[in-house]
1. Which count do you get for residues in the range 1-29 that are free of Cβ contacts under 8 Å to residues at least 24 places away in the same chain and surrounded by 13 or more Cβ atoms within 10 Å (Cβ to Cβ)?
2. Among all residue pairs at least 6 apart or on different chains, which show Cβ distances below 7 Å where the first residue, located in the range 81-97, is more than 15 Å from ILE52 (Cα to Cα) and of a type outside the set (D, E, K, R) and the second is open to solvent by 30 Å² or more (accessible area, probe 1.4 Å) and assigned to a loop (DSSP other than H, G, I, E, B)?
3. Restricting attention to the range 26-60, report how many residues are touching a Leu at 6+ places or on another chain (Cβ under 9 Å) and at positive phi.
4. Tell me which residues, restricted to the range 87-108, are open to solvent by 20 Å² or more (accessible area, probe 1.4 Å) and among the β-branched types (Val, Ile, Thr).
5. Output the residues belonging to the range 5-25 that are touching a helix residue (DSSP H, G or I) at 6+ places or on another chain (Cβ under 8 Å) and on the phi > 0 side of the Ramachandran plot.
6. When you scan the range 1-36, how many residues do you find that are assigned to a helix (DSSP H, G or I) and farther than 16 Å from GLU101 by Cβ?
7. Filter the strands (runs of 3 or more DSSP E) completely within the range 37-85 down to those with at least 2 residues that are crowded, with 16+ Cβ neighbours inside 10 Å.
Amino acid sequence: MNNKIMKNIAAAEVMALKELVNYQDGQIVSKTLVQNANVSITLFAFDKAEEISTHSSHGDAMVCVLDGTAEIIIADEKFKLMEGQTIVMPAEIPHAVYALEKMKFILTVVF
């Protein structure tokens, strides 16, 4: 029986998160690490000018930029995030993500 909660990532191994997902021209690439009723953790790689359009979530969503520069829109406010920066998009508030340049981030949503 497999009780592993996380997937697509090695256990007990040092790694660089941004190396676990690769850029693809004109695309958004994602890799799910955890998906359950309580939490979702996903790695993303966006090509420049790719976006996730305005939507909302039932959970608080934390973006941590691993590479590049992102524009995060929460309600009507724009935020520019660079590598190493984090922001929380509150539950039920419309938000969007846009790649100002190629960028990678980890998204953690807590329900």
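The values are calculated or read from the model by the stated rules, or taken from the named source; none is laboratory data. Since the structure is predicted, the reported quantities are computational estimates derived from the model, not experimental observations. Counting neighbours? That spans all protein chains shown, and the Cβs are built from the backbone with ideal geometry, glycine included. Areas reflect the complete protein model, heavy atoms only, side chains present, ligands, DNA and RNA absent. Shrake-Rupley method; radii C 1.70, N 1.55, O 1.52, S 1.80 Å.
1. Counting residues in the range 1-29 that are free of Cβ contacts under 8 Å to residues at least 24 places away in the same chain and surrounded by 13 or more Cβ atoms within 10 Å (Cβ to Cβ) gives 2.
2. These pairs meet every condition: ALA91/HIS58.
3. 1
4. Within the range 87-108, ILE87, VAL88, ILE93, ILE106, THR108 qualify.
5. ASN8
6. Within the range 1-36, the first condition is being assigned to a helix (DSSP H, G or I), and the residues that meet it are 17-20.
So of that shortlist, the ones also farther than 16 Å from GLU101 by Cβ come out as 17, 19-20.
Result for the range 1-36: 3.
7. In the range 37-85, the matching strands (runs of 3 or more DSSP E) lie at 39-46, 60-67, 69-74.
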